[in-house]
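As structure tokens, the structure follows; a few thoughts come after it.
The values are calculated or read from the model by the stated rules, or taken from the named source; none is laboratory data. Computed from a predicted model, the values in this text were never measured in an experiment. FYI the Cβ positions are ideal-geometry reconstructions off the backbone, even for glycines, and counts take in every protein chain you see. SASA here: full protein model, heavy atoms, side chains in, ligands and nucleic acids out. Shrake-Rupley method; radii C 1.70, N 1.55, O 1.52, S 1.80 Å.
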Amino acid sequence: MVHVKHLLSPIKNRHGKFYWQELEMPSGNILQFYISKNITQPYVIVNGQFVSNDNYENKFITDNSEIIIKNYPGIEGFSLTAALIYAAVSLVISLAISAIMHFAFPIKKPPLRQAKDENSASWEGITTTQGPGGVVPVQYGRVKAAGQLLSSYFSTEGVTGGFGGIALQNFQPKLFVLLAIGEGLINDVLENSITINNQPITNFQDVEVLSYLGDPVTTLDFTEIKNTYAAGNLDLTLGATVYTTVDSINAFVLEIDFLQGLFHVNRNGGSNPNTSTYQYRYRVFGTIPYSAYVQVETTAEVHAIGHRPVRQEVLTLNRYDIEVSFVSAVLTDQNRSQWKPFLHAVTEVVYAQQSYTHTAMLSVKAIANENLQGALPNFQFIIEGHKVRVGSFVASPTYTDNPAWCLMDLMTNTRYGNAIPDADINLASFISFASYCDQLVSIDLDDDGIADTTEKRALISYTLDTDKNSLDAFQEMLSGTRGVLVKTEGQWKVKIIQNDTPQQLITWANTLRDTVVLRYIRDADAVNVIEGRFLNETTNYENDVTVYPKIDDWPNIINKQSIEYKGVSRNTQVLRELVFELNSRTLPKLSLEFEMSIEGLVSEVVDVFNFAYPRLTEGLSGRIADFYGTATNSTTQSGGSSMMTSGFDSF
């Protein structure tokens with residue numbers, strides 16, 4: 001005998017099971033014998049294997065075989081309706097899309113509140129932040145950014161249809177996101193670098209990207225801010241549900257879905273529209289009573305997932321309880337009708353005439369797909385940061401990644417910087433420092449001892465997005481440059497730690513008697529391995545570590561120190577600094593302390609000097625480390641080092 005199973009309907013019954021017709025038929029016949037002539041487009045499986053229709057007449061069925069036929073028996077005036085087949089396929093697709101939406105914006109919960117000292121661009125990772133209180137970043141050079149969420153919501157676009165003037169949209173969710181990047185005016189947002197949850201933006205359909213660079217002349221105005229929170233696809237036919245808004249709002253949109261569609265199959269197999277009615281009411285959070293019910297009647301013939309946004313306007317700014325419930329449906333046959341409404345999400349709306357001046361922003365719109373998951377999508381992108389004055393105080397702002405001009409901008413800017421007057425800036429020292437950073441140095445790419453190419457000595461890639469002491473921020477910007485910021489004679493200047501001409505000869509003649517102290521010093525930590533942590537531009541600004549010396553050259557006993565270079569994104573630049581840092585620690589050093597009159601001191605911190613003292617030593621040179629004094633004399637400490645006379649070259 002042959003066991004024949006025939007699927008009568010793709011729609012499950014009230015117990016969640018399909019309708020099957022099962023028959024026992026004699027074996028030894030061709031496959032066509034077991035298929036009803038009324039079935040026009042059968043899908044046949046024999047013993048677990050699909051059989052195409054051109055083999056129905058030449059495949060013989062043996063004893064104990066199983067035949068599964070997935071189609072519908074035709075009766076007069078009824079052929080296995082394409083509408084019902086489409087409904088079954090669409091149902092699967094619709095549920096998949098619904099799952100995407102649930103992952104994209106899961107069941108609502110209070111939004112994250114970012115602490116004021118929590119930064120979005122840090123060693124721990126670059127992430128999109130949300131909630132009030134975040135620092136507006138200032139970015140210099142080419143950096144990776146993630147942005148601060150201003151608004152995010154889902155909407156639907158697509159073919160609309162319906163009956164009685166009521167439209168029901170075929171569900172096609174689109175994600176709208178508005179991100180604040182940082183202080184403007186920046187130079188550019190590299191759109192081909194944008195990722196959403198680590199997926200290239202090209203993986204998303206119908207992407208639209210708009211960037212606003214923060215031009216103070218051009219403002220971006222908004223009349224309302226919207227944020228969508230998922231409600232969990234709640235079946236309204238199971239009872240009333242209450243949604244409490246996350247924030248104070250002026251309006252809301254109930255995102256109602258008909259996950260199985262909205263239709264009715266008549267006795268002839270044809271498809272007709274169906275009508276479903278649901279209602280909502282609202283009240284200020286925690287108060288009584290509710291408003292009067294507002295009933296919504298939806299009539300449509302939709303076999304895919306249907307979406308009906310319902311918007312309530314003109315509310316006083318408050319948090320609200322919103323109760324939603326099912327009322328009735330015209331046709332509710334479990335086997336032939338679909339009518340159930342589900343509360344998928346709620347979009348909260350705040351009327352806000354906001355104008356974002358001096359703010360760089362990114363707007364992204366894309367159809368949500370399976371790559372979009374997580375409560376808040378994490379956006380990442382590369383920007384060319386702030387435009388600054390280059391070369392003079394009157395220059396028009398332009399883009400540069402030279403550390404000198406970026407540092408001068410943060411020091412002098414009156415809106416986001418320290419507002420130091422231009423008169424207090426030693427422009428000549430910044431020009432000299434800029435030239436030093438632009439010098440070309442040789443690069444050995446394959447470590448064979450032969451220079452392969454050249455690059456600029458120092459570039460900046462810096463994001464300031466945490467509250468911190470100004471001098472700390474300035475020093476971070478100078479990391480990896482050998483620059484030291486000092487203030488002398490009422491002006492700020494940048495001094496460079498490099499082989500330089502000595503500025504003064506220190507002798508017994510210009511020091512006070514019996515004040516000269518000369519001693520050998522050593523690195524108390526005995527550091528012999530040093531590592532630099534940074535965001536590597538060659539690996540898409542991921543966290544990276546460079547170590548000097550190479551592991552093969554490590555000593556038996558290792559004393560390692562780690563340094564974070566927040567303003568550097570090139571491995572070669574970090575390596576140059578590590579070589580310099582380790583050499584400065586391991587080479588023999590002398591410390592020289594002495595007192596002299598203020599009139600006799602012409603050197604500044606970081607200046608190179610020569611030292612000659614007959615009863616101690618002659619022919620040494622060093623660098624001023626620090627000094628302090630009174631109106632009559634000054635005490636100077638120097639970090640004199642033999643590296644200044646041994647021919648060691650500063651990179």
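Here are the numbers:
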item: Charge tally in the Cβ shell below 15 Å around ILE598, where Lys, Arg are +1 and Asp, Glu are -1, ILE598 excluded; result: -4
item: Formal net charge of residues neighbouring ASP247 (Cβ-Cβ distance under 9 Å; K, R +1; D, E -1); result: 0
item: Ordering of 135-147, 203-215, 457-469 by packing [mean C-beta count within 10 Å, highest first]; result: 135-147, 457-469, 203-215
item: FRET efficiency estimate (nearest 0.05) - Cβ-Cβ, ASN335 to SER27, R0 35 angstrom; result: 0.60
item: Exposure rank, largest accessible area first [TYR520, TYR320, TYR43; 1.4 Å]; result: TYR520, TYR43, TYR320
item: Rounded to whole Hz, the Karplus (6.51, -1.76, 1.60) HN-Hα couplings of region 490-504, x for glycine and proline; result: x, 10, 8, 9, 9, 9, 10, 7, 7, 4, 8, 6, x, 8, 7
item: With every protein chain in place, region 347-505: carbon and sulfur % of accessible area (1.4 Å); result: 48
item: Linear extension gain, ALA292 paired with ASP552, 0.36 nm per residue minus alpha-carbon span; result: 85.8 nm
item: Average accessible area per residue (Å²) across region 223-333 - probe 1.4 Å, nucleic acids and ligands excluded; result: 40
item: Region 520-620 - percent of accessible surface contributed by carbon and sulfur, probe 1.4 Å; result: 49
item: Interchain or long-range residues, amide H under 5 Å from ILE530's placed H; result: TYR548, GLN561
